[in-house]
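S.K.: What follows is a single structure, and I will ask about it in a moment.
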Amino acid sequence: MSEMKDLFTIGEVSKLFHTNIRTLRYYDSIGLLKPTMVDEQTGYRYYSTKDFERLNTIKYLRTLDMPLDSIALFFENKEISVMKELLENQKELIQNRIQELCRVETKIDSRLTQITEAECAPKGQITVKEIEKRRVAVLRKNIAVTDDLELPIRELERLHHLEHIIFLGKVGVSIAREKLIKREFTSFSSIFVLVEPSDEVQLQERACADKKDTFLEAGIYLTIRFQGTHTQAPSYYKQLLSYADERHYHVCGDSVEITLIDAGLTNDVSSYVTELQIPVKYDV
């Protein structure tokens, strides 16, 4: 210990409290924890046991993730009521953070499930699925199949304020019903992003749940997954439409085309997976 009675050097305090010396110097610079004495000749800082209580309080509040300005506010108004208010405010912030982390966890689980299913699901096999209503944010625009989708995606993102919502495997494109019936597969009529339940909360928080948001209606869909991306889709559309004709289905809406695995996930082109969905009804 320091030879000066009841005083401790910054190094000694650092060891006693397992606190970095740079942190103690920073606390001094912002006035949060000033040393009891500073040697004018050497500039050495010395702390007394009275400073220990303050440093211990700082360390405790920092373990609660309390910001330094809030801690400083407490020391300026050191009252039970002030501490209770700070703790209540911090509790609310932590609860909000927990909710946000739960949303992130849900997104991760959803993406892991989607990637695993895309890898393992049979390719080239037509399936009739009953799909529930799905919320989407849409940009209605004629887009050539050969066009790079990155610019339309950015337009979609700006239109709906989706900065943190657009994600791998959630962006899709559609071919209009009329073009499907005519077997014309050269252009898309819209680009959209599927809005998951956790995303809906964020959209509402940003007041974006307006007329630009819409839904993919619930119903019967003919679906097929294949290894490839949008440019390989036409032959698979033809398979779905032939299947519909043979079984007396008629196309009742625009297609849903989603690339589940693409360049955003892998450099291996042979691993790309795209799913096509065509809404149908029985001919009466």
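The values are calculated or read from the model by the stated rules, or taken from the named source; none is laboratory data. Please read these numbers as outputs of a predicted model, since none were measured by experiment. Heads up, the Cβs are rebuilt from the backbone with ideal geometry, glycines too, and the neighbour counts pull from every protein chain shown. Side chains included, ligands, DNA and RNA excluded: accessible areas come from the protein's heavy atoms. Shrake-Rupley method; radii C 1.70, N 1.55, O 1.52, S 1.80 Å.
S.K.: In a helix (DSSP H, G or I), open to solvent by less than 60 Å² (accessible area, probe 1.4 Å) and without any contact (Cβ under 8 Å) to a residue 60 or more places away in the chain: does that describe residue 11?
M.R.: Against the criterion (in a helix (DSSP H, G or I), open to solvent by less than 60 Å² (accessible area, probe 1.4 Å) and without any contact (Cβ under 8 Å) to a residue 60 or more places away in the chain), residue 11 qualifies.
S.K.: Restricting the stretch 242-272 to residues that are at pLDDT 95 or above, crowded, with 20+ Cβ neighbours inside 10 Å and touching a helix residue (DSSP H, G or I) at 6+ places or on another chain (Cβ under 7 Å), which is farthest from residue 177 (Cα to Cα)?
M.R.: My answer is 257.
S.K.: Within the stretch 88-105, which residues are surrounded by 14 or more Cβ atoms within 10 Å (Cβ to Cβ) and either under 23 Å from residue 31 (Cα atoms) or acidic (Asp, Glu) (or both)?
M.R.: 90 - this is the single residue of the stretch 88-105 that is surrounded by 14 or more Cβ atoms within 10 Å (Cβ to Cβ) and either under 23 Å from residue 31 (Cα atoms) or acidic (Asp, Glu) (or both).
S.K.: Something else now. Among (1) more than 15 Å from residue 274 (Cα to Cα); (2) at pLDDT 85 or above; (3) surrounded by fewer than 18 Cβ atoms within 10 Å (Cβ to Cβ), there is one condition residue 207 misses while meeting the rest; what is its number?
M.R.: All conditions are met except number (2).
S.K.: What pairs come up if the first residue lies in the stretch 28-45 and is more than 25 Å from residue 71 (Cβ to Cβ) and of a type outside the set (Phe, Trp, Tyr), the second is open to solvent by 40 Å² or more (accessible area, probe 1.4 Å) and outside any loop (DSSP other than H, G, I, E, B), and their beta carbons are under 9 Å apart, counting only those six or more places apart or on different chains?
M.R.: Close Cβ pairs satisfying both conditions: 39/45.
S.K.: For the stretch 101-108, state whether one or more residues are assigned to a loop (DSSP other than H, G, I, E, B) and either of a type in the set (Val, Ile, Thr) or touching a strand residue (DSSP E or B) at 6+ places or on another chain (Cβ under 7 Å) (or both).
M.R.: Within the stretch 101-108 (the criterion being assigned to a loop (DSSP other than H, G, I, E, B) and either of a type in the set (Val, Ile, Thr) or touching a strand residue (DSSP E or B) at 6+ places or on another chain (Cβ under 7 Å) (or both)), the answer is no, since none of the residues qualifies.
S.K.: Part of a helix (DSSP H, G or I), of a type in the set (A, V, I, L, M) and surrounded by 10 or more Cβ atoms within 10 Å (Cβ to Cβ) - does that describe any residue in the stretch 132-149?
M.R.: Checking the stretch 132-149: not a single residue is part of a helix (DSSP H, G or I), of a type in the set (A, V, I, L, M) and surrounded by 10 or more Cβ atoms within 10 Å (Cβ to Cβ).
S.K.: Scan the stretch 224-241 residue by residue and report those that are open to solvent by less than 50 Å² (accessible area, probe 1.4 Å) and farther than 14 Å from residue 183 by Cα.
M.R.: The answer is 224, 225, 226, 228, 229, 230.
The rows are residues; the columns are (1) among the acidic types (Asp, Glu); (2) open to solvent by 80 Å² or more (accessible area, probe 1.4 Å); (3) touching a Gly at 6+ places or on another chain (Cβ under 6 Å).
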| position | (1), (2), (3) |
| --- | --- |
| 24 | no, no, no |
| 27 | no, no, no |
| 31 | no, no, no |
| 40 | yes, yes, no |
| 43 | no, no, no |
| 63 | no, yes, no |
| 72 | no, no, no |
| 80 | no, yes, no |
